[in-house]
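Undergrad: Sharing a structure, written as structure tokens. Questions coming.
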Amino acid sequence: MCGDDPFTGKNFDHRKQWLVTRIKQLAAQFSVEICAYAIMSNHYHLVLHVDTEKALAFSDEEVIKRWTALFPRNGILIETLRNNLKTKTAQRQLNRQIKLWRERLMDISWFMRCLNESVARQANREDDCTGRFWEGRFKSQALLDEKALITCMAYVDLNPLRAGMCESLDSSDFTSIQERLIIHAKKVKKRSYRQHRLLTRRSAKHLIVRQPSIKQSNLKSMGELQDFSGSTLPVTQHSYFELLESTCKALSLAGNDRSKAVHVLEEKQTVLQGIGISPQAWLDSVTTFHRHYAIAAGTQRSLLQFHKNRIRAGVDFKHPHKWIRGIHSARLLYGT
């Protein structure tokens, strides 16, 4: 997908910018906010927040405007229905379409469909070929509480470092953490040498130089992140930067001396205590987050409640009360 092709020797890193741009364009139309992202050579990670209240507050005209911006040909249908609004059939059909499109604007499956299809078409045109581009359907995981949200965001932001593709957050290209650092550096009047280098980094040009007038959504700021009770998360942008810097050092030490790695994280004990995660659990989470859970991630209580809600919603389980994937991991990482 991206990176170096070992057979042809070609480099396809420019496709990473396609993905970042398309993600932001879609977020500007859907009622979906971007919390974190990381574009790798053969896959990508996204942490998304669906703003249901925002979608429900859209006027009918706003729904039509957003949907036809994504699918312009649907504008012909709307025009036809409006020309026949004197009939009750046309009125009902128009209302049904608006209701359907409103639901789709807060549907992650439709968001991913628009993203993957667009990138596949671009790549196939570039390669002068047709057929399937992606190996399979995307995998999704519900983040049930603030602990799961923060650890998953960190796991995504640190993906290139764990993979050995870079050595620092500044050089972690096509990630949300690099974008957050660039946004912060732009606002600083007296920039450090590190910030100056970051703002002149060629591979981050798509974030530094003003883009053409295409409507794009910004990253959801750390100050806007909320827990499920509506309270602001106990993590500021500055503390998040510091925590990830310490985590980078810990990850470089973890392979040889885990105790030293944990000691590095203990220096950020205040931030971790605010989240409610121990240094040892944090190191495990940002290293192997994907192995601990299945369709949902969070504390033991959150997982149990999620399972009960699915049963009430009518999801058919062969043994509904026998086993919930992730309970043991949640207990080890976050306690009871």
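Undergrad: Could you check the spin-label model distance between H14 and V188? Points 7 Å from the Cα along Cα→Cβ, value in nm.
TA: 3.2
Undergrad: With the contact rule set at Cα under 8 Å and sequence spacing of 6 or more, what percent relative contact order holds for the chain? Don't skip to the answer; put the middle values down first.
TA: Values: 385 pairs, mean separation 60.7, N = 336.
Computed over the chain, the figure is 18 percent.
Undergrad: Can you sort I182, I150 so the residue with the fewest Cβ neighbours within 10 Å comes first?
TA: Starting with the residue having the fewest Cβ neighbours, the order is I182, I150.
Undergrad: Continuing with this model, one more query. Provide the per-residue ³J(HN,Hα) series for the stretch 172-177, in order, calculated from phi with Karplus coefficients 6.51, -1.76, 1.60 and θ = phi - 60°, each as a whole number of Hz, with x at glycine and proline positions.
TA: 7, 5, 6, 10, 5, 5
Undergrad: Find which of I324, I108, T270 sits farthest along the positive direction of the dipole of the chain, computed with +1 on the beta-carbon of Lys and Arg, -1 on that of Asp and Glu, about the Cα centre.
TA: Going by the charge dipole, the pick is I108.
Undergrad: Hey, fewest Cβ within 10 Å first, where do T287, T299, T52 land in order?
TA: Placing the least packed residue first, the sequence is T52, T287, T299.
Undergrad: OK, next. If you rank K190, K139 by fewest surrounding Cβ atoms within 10 Å, what's the result?
TA: K190, K139
Undergrad: Please name which of L233, A28, V119 has its Cα lying farthest along the dipole of the chain towards the positive end, using unit charges on Cβ (Lys, Arg +1; Asp, Glu -1) and the Cα centre as origin.
TA: Of the listed residues, the answer is A28.
Undergrad: What is the angle, in °, between the Cα long axis of helix 14-29 and the longest principal axis of the Cα atoms in the chain? Nearest 10 is fine, range 0 to 90.
TA: With rounding to tens, the tilt is 60 degrees.
Undergrad: Loop sites only, by DSSP: take the GluC sites (Glu not before Pro) in the chain that have at most 15 other C-beta atoms within 10 Å and name the longest stretch containing none of them.
TA: Result, exposed sites excluded: 1-134.
Undergrad: Along the charge dipole of the stretch 138-259, which of S176, T247, L149 sits closest to the positive end, that is, farthest toward it, with unit charges on the beta carbon of Lys, Arg, Asp and Glu (+1, +1, -1, -1)?
TA: S176
Undergrad: Compute, for the stretch 45-90, the length of the dipole vector about the Cα centre, with Cβ point charges of +1 (Lys, Arg) and -1 (Asp, Glu) only. Units Debye, rounded to 20. Intermediate results must be reported in sequence, preceding the final value.
TA: Working: 7 positive and 6 negative charges, 56 e Å.
With Lys and Arg at +1 and Asp and Glu at -1, about 260 debye.
Undergrad: Given charges of +1 on the Cβ of Lys and Arg and -1 on the Cβ of Asp and Glu, with all other atoms neutral, how large is the dipole of the chain about its Cα centre, in debye to the nearest 20?
TA: Working: 52 positive and 33 negative charges, 169 e Å.
Result for the chain is approximately 820 debye, rounded to the nearest 20.
Undergrad: Check cross-link reach from K220 to the lysines: straight Cα distance under 24 Å, and skip same-chain residues fewer than eight apart.
TA: The reachable lysines, counting only those whose Cα sits under 24 Å from K220, are K16, K24, K54, K65, K139, K147, K186, K187, K189, K205, K268.
Undergrad: Show which aspartates and glutamates lie in cross-link reach of K99 when reach means a straight Cα distance below 20 angstrom and same-chain residues fewer than eight apart are skipped.
TA: D51, E53, D60, E61, E62, E79, D107
Each value in this text was obtained by applying a stated rule to the coordinates, not by laboratory testing. What you see is a predicted model, and the numbers here were worked out from it, not measured in a lab. When we count neighbours, we look across all protein chains shown, and the Cβ atoms used for this are built from the backbone with ideal geometry, even at glycine.
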